[in-house]
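These notes are about the structure you will find just below.
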Amino acid sequence: MTNTAWRVALGAVASSAFFWAVAGAVDLGLERTRKGYALPDGGEWYTLALFAGFVVAYFSVASLTGTTAAPYAALVPAAGACFGAGSCLLMGQQARHWAAAAVMALIGSALPLVVHLRNRVRSARLGGDTVA
């Protein structure tokens, strides 16, 4: 495997962890504390996955922009969003679970489309068939 393949794999796992944590936060709900709102007791793994998953996924996807995987870099967080939507529906079937899964599915399907359209407009501006 090349370095790009490792970054794609790491980004997919990290974005899956992030969206899994979002699904867990939806399942647990938020409780009011003195300082605001937080996950209730038992949500430590979700908090860790929210923070670490976002940071690692952000940097791994951002590092793919100058590589051969650049046109497909948007598929990395999309895969994580699809995993999060599925895990959200596995955690429960209430209205909040369905709403969160719908939002994650929308993110997962809209992100590659937006990146593709942006690349097409950028290519048209440059006057060629190259993908920037």
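The values are calculated or read from the model by the stated rules, or taken from the named source; none is laboratory data. Computed from a prediction, not measured in an experiment: that's the story for all the values here. Please note: Cβ atoms are built from the backbone with ideal geometry, for glycine as well, and neighbour counts cover all protein chains shown. Heavy atoms of the whole protein, side chains included, go into the accessibility calculation; ligands, DNA and RNA do not. Shrake-Rupley method; radii C 1.70, N 1.55, O 1.52, S 1.80 Å.
Looking at the structure I just gave you, is S109 open to solvent by 50 Å² or more (accessible area, probe 1.4 Å), of a type in the set (S, T, Y), out of contact with any His (no Cβ under 8 Å at 6 or more places or on another chain) and in contact (Cβ under 8 Å) with a residue 12 or more places away in the chain?
Yes; evaluated as a whole, the condition is true for this residue.
Kindly list, by first and then second residue, each pair from a residue in the range 117-128 that is under 15 Å from A73 (Cβ atoms) to a residue that is surrounded by 11 or more Cβ atoms within 10 Å (Cβ to Cβ), limited to pairs with Cβ atoms under 6 Å and residues at least 6 apart or on different chains.
That search, which allows pairs on different chains as well, returns N119/V131; R122/A132.
Can you tell me which residues in the range 40-97 are within 20 Å of A110 (Cα to Cα) and in a loop (DSSP other than H, G, I, E, B)?
Listed by number, the residues that qualify are L64, T65, A69, A73, A74.
How many of the residues in the range 5-39 are of a type outside the set (S, T, N, Q), open to solvent by less than 60 Å² (accessible area, probe 1.4 Å) and part of a helix (DSSP H, G or I)?
17
Do you know which of the residues in the range 72-105 that are of a type in the set (A, V, I, L, M, F, W, C) and farther than 29 Å from H116 by Cα is surrounded by the most Cβ atoms within 10 Å (Cβ to Cβ)?
Checking each candidate, the answer is M91.
What do you reckon, is L50 touching a residue at least 12 places away in the same chain (Cβ under 8 Å) and in contact with a strand residue (DSSP E or B) (Cβ under 8 Å, 6 or more places away or on another chain)? Walk me through it before giving the result.
Numbers: touching a residue at least 12 places away in the same chain (Cβ under 8 Å): yes; in contact with a strand residue (DSSP E or B) (Cβ under 8 Å, 6 or more places away or on another chain): no.
So L50 fails the test.
So which residues in the range 80-132 are basic (K, R) and under 21 Å from A49 (Cα atoms)?
Correct list: R96 only.
What pairs come up if the first residue lies in the range 19-45 and is touching a residue at least 24 places away in the same chain (Cβ under 8 Å), the second is open to solvent by less than 80 Å² (accessible area, probe 1.4 Å) and polar (S, T, N, Q), and their beta carbons are under 6 Å apart, counting only those six or more places apart or on different chains?
Correct list of pairs: W20/S87; A23/S87.
If I ask for residues that are over 30 Å from R122 (Cα atoms) and β-branched (V, I, T), which ones from the range 20-79 would you list?
Selection gives V22, V26, T33, T47.
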